[in-house]
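Colleague: Take a look at this one; I'll ask things after.
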Amino acid sequence: VVQLANSEFINRVKHHFDIVVVGGINSDFLGKCKRLPSPGETVQGTEFYSGPGGKGANQAVAAARLGARVALIGRVGDDDRGRALVAGLKREGVFTKFIAEERNQPSGAALVMVDESAEKQILALPGANSRVSARDIQRAKELFANCRVVLMQFEAPLPAATAAARLGKQFGAQVVLDPAPPAARVPENLFRLLDVIRPNANEAEALTGIRVKDRASARKSGRALLNRGVKAAIVSAGSEGDLLVTRDDEAFFPRLRVKSVDATGAGDAFAGALAVGLAEGKPLLEACRLANACAALKTTKLGAQTGLPTRAEVRKFIRGRLAASAGS
Ligand SMILES: Nc1ncnc2c1ncn2[C@@H]1O[C@H](COP(=O)(O)OP(=O)(O)OP(=O)(O)O)[C@@H](O)[C@H]1O
Ligand SMILES: [Mg+2]
């Protein structure tokens with residue numbers, strides 16, 4: 001009965017998307033300094049950068065720049081920053097009809113300080129993002145009806161992420177979770193809805209209690225996630241690379257060597273590109289390869305969102321790597 005209702009619903013839907021992203025939309029304010037200030041202290045900084053950010057927005061733009069049809073569900077404040085953030089997403093080709101304006105909270109913001117050694121300190125102010133609800137997801141049901149991949153993070157509250165995962169499954173989409181920022185208590189029923197989870201080392205530890213520092217501990221942590229019902233886990237094993245773990249297989253993706261200048265948003269580039277690969281019907285292994293290349297390329301440019309690569313750039317980069325390895 002549910003299937004019949006869904007297929008009828010699908011026929012009535014106007015828009016078709018490859019990927020539906022549910023997540024945070026922020027402005028990033030970043031200052032560089034020789035060393036981070038201690039509590040109560042003021043230090044002189046060296047460089048200021050401001051631009052669009054938020055994991056939901058970054059991942060949506062990452063996927064759109066790779067050529068996917070992407071819709072983003074979220075909330076911004078009823079303020080100039082919010083309107084500029086939505087206008088920026090539109091320019092990137094992201095469908096923004098289901099980004100609501102929240103009257104009682106400002107648009108989300110992140111205050112980032114980075115020192116000489118690239119150590120950072122971040123104050124995240126979710127604002128309007130904290131009001132994204134399961135009802136927002138229901139209201140955007142038409143987006144899910146024909147999409148291939150649903151992509152979420154924890155910058156939108158858990159009930160919204162869970163509702164999105166459930167709706168994605170109901171319509172036969174693949175569900176991908178980037179569990180950031182690390183959440184302490186994740187309901188067990190969410191894991192069972194996930195096709196892919198992509199934690200970095202800290203997030204893997206928060207979810208499994210296993211300290212991830214190398215390939216072996218990444219494997220252990222990935223297996224623990226599989227035991228909770230996730231179909232595949234891609235665990236970032238620190239600076240070594242990423243480990244893909246499934247029930248009967250495993251693959252390692254070493255970090256690609258590039259001239260890195262800014263690693264912020266590299267994880268978002270990975271998640272967005274992974275979703276694109278899966279939406280295009282690529283096997284998980286191939287989608288990971290695309291994601292790894294996209295993440296490495298992102299680190300060669302400044303800005304979590306502005307520095308995301310296009311499809312043409314990623315293609316050229318992969319071709320260059322293949323040519324180099326054939327020549328050596
Ligand atoms: N210096 C680098 N050179 C090449 N690739 C990198 C570099 N730094 C990160 N990456 C790639 O970026 C991806 C994500 O890195 P990481 O695990 O650090 O993300 P994260 O901590 O979740 O960051 P984010 O805040 O963007 O989510 C990985 O696939 C990794 O290989
Ligand atoms: Mg991340």
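The values are calculated or read from the model by the stated rules, or taken from the named source; none is laboratory data. From a predicted model like this one, the values you see are computed outputs, not experimental measurements. Neighbour counts are summed over all protein chains in view; Cβ atoms, including those assigned to glycine, are modelled from backbone coordinates with ideal geometry. To get the accessible areas, we keep the full protein, side chains included, count just its heavy atoms, and leave off ligands, DNA and RNA. Shrake-Rupley method; radii C 1.70, N 1.55, O 1.52, S 1.80 Å.
Colleague: Just give me the residues in region 130-158 being open to solvent by 10 Å² or more (accessible area, probe 1.4 Å) and within 16 Å of ligand 1 (Cβ to nearest atom), in sequence order.
Modeller: Phe154, Glu155
Colleague: Out of the residues in region 181-192 that are farther than 24 Å from Ala124 by Cα and not aliphatic (A, V, I, L, M), which is nearest to ligand 1 (Cβ to nearest atom)?
Modeller: Residue satisfying both the conditions and the ranking: Phe191.
Colleague: For region 289-316: of the residues being hydrophobic (A, V, I, L, M, F, W, C) and either away from ligand 2 (no atom under 15 Å from the Cβ) or open to solvent by 20 Å² or more (accessible area, probe 1.4 Å) (or both), which is farthest from the chain's Cα centre (by Cα)?
Modeller: Result: Ala312.
Colleague: Somewhere in region 15-32, is a residue of a type in the set (D, E, K, R) and more than 16 Å from ligand 1 (Cβ to nearest atom)?
Modeller: yes
Colleague: Taking region 279-311 on its own, how many of its residues are in a helix (DSSP H, G or I) and within 13 Å of ligand 1 (Cβ to nearest atom)?
Modeller: Count: 12.
Colleague: Something else now. Given (1) out of contact with any strand residue (DSSP E or B) (no Cβ under 7 Å at 6 or more places or on another chain); (2) more than 10 Å from ligand 1 (Cβ to nearest atom); (3) within 20 Å of Val176 (Cβ to Cβ), where does Lys316 come up short, assuming only one miss?
Modeller: (3)
Colleague: Also, quick follow-up: How many residues does region 247-278 contain that are under 27 Å from Gly24 (Cα atoms), in contact with a strand residue (DSSP E or B) (Cβ under 8 Å, 6 or more places away or on another chain) and either near ligand 1 (Cβ under 9 Å from one of its atoms) or hydrophobic (A, V, I, L, M, F, W, C) (or both)?
Modeller: Within region 247-278, residues that are under 27 Å from Gly24 (Cα atoms), in contact with a strand residue (DSSP E or B) (Cβ under 8 Å, 6 or more places away or on another chain) and either near ligand 1 (Cβ under 9 Å from one of its atoms) or hydrophobic (A, V, I, L, M, F, W, C) (or both) number 11.
Colleague: Scan region 214-232 residue by residue and report those that are of a type outside the set (A, V, I, L, M, F, W, C), surrounded by fewer than 21 Cβ atoms within 10 Å (Cβ to Cβ) and in contact with a Lys or Arg (Cβ under 9 Å, 6 or more places away or on another chain).
Modeller: Residues satisfying the conditions are Ser217, Arg228, Gly229, Lys231.
Colleague: If only one of Asp195, Asp178 is within 14 Å of ligand 1 (Cβ to nearest atom) and within 21 Å of the chain's Cα centre (by Cα), which one is it?
Modeller: Matching residue, one of Asp195, Asp178: Asp178.
Colleague: Follow-up. Name the strands (runs of 3 or more DSSP E) wholly inside region 228-270 in which the number of residues that are in contact (Cβ under 8 Å) with a residue 40 or more places away in the chain is 2 or more.
Modeller: 232-236, 241-246
Colleague: Next question, about the same structure. Which of the residues that make up region 159-184 are surrounded by fewer than 16 Cβ atoms within 10 Å (Cβ to Cβ) and of a type in the set (S, T, N, Q)?
Modeller: none
Colleague: In region 90-129, what count of residues is obtained for those that are over 30 Å from Pro39 (Cα atoms) and surrounded by 14 or more Cβ atoms within 10 Å (Cβ to Cβ)?
Modeller: Total satisfying the criteria: 10.
Colleague: Follow-up question, since we're still on this one. Among the candidates Thr46, Thr42, which residue alone is part of a loop (DSSP other than H, G, I, E, B), out of contact with any Phe, Trp or Tyr (no Cβ under 7 Å at 6 or more places or on another chain) and either open to solvent by 20 Å² or more (accessible area, probe 1.4 Å) or in contact (Cβ under 8 Å) with a residue 60 or more places away in the chain (or both)?
Modeller: Only one candidate qualifies: Thr42.
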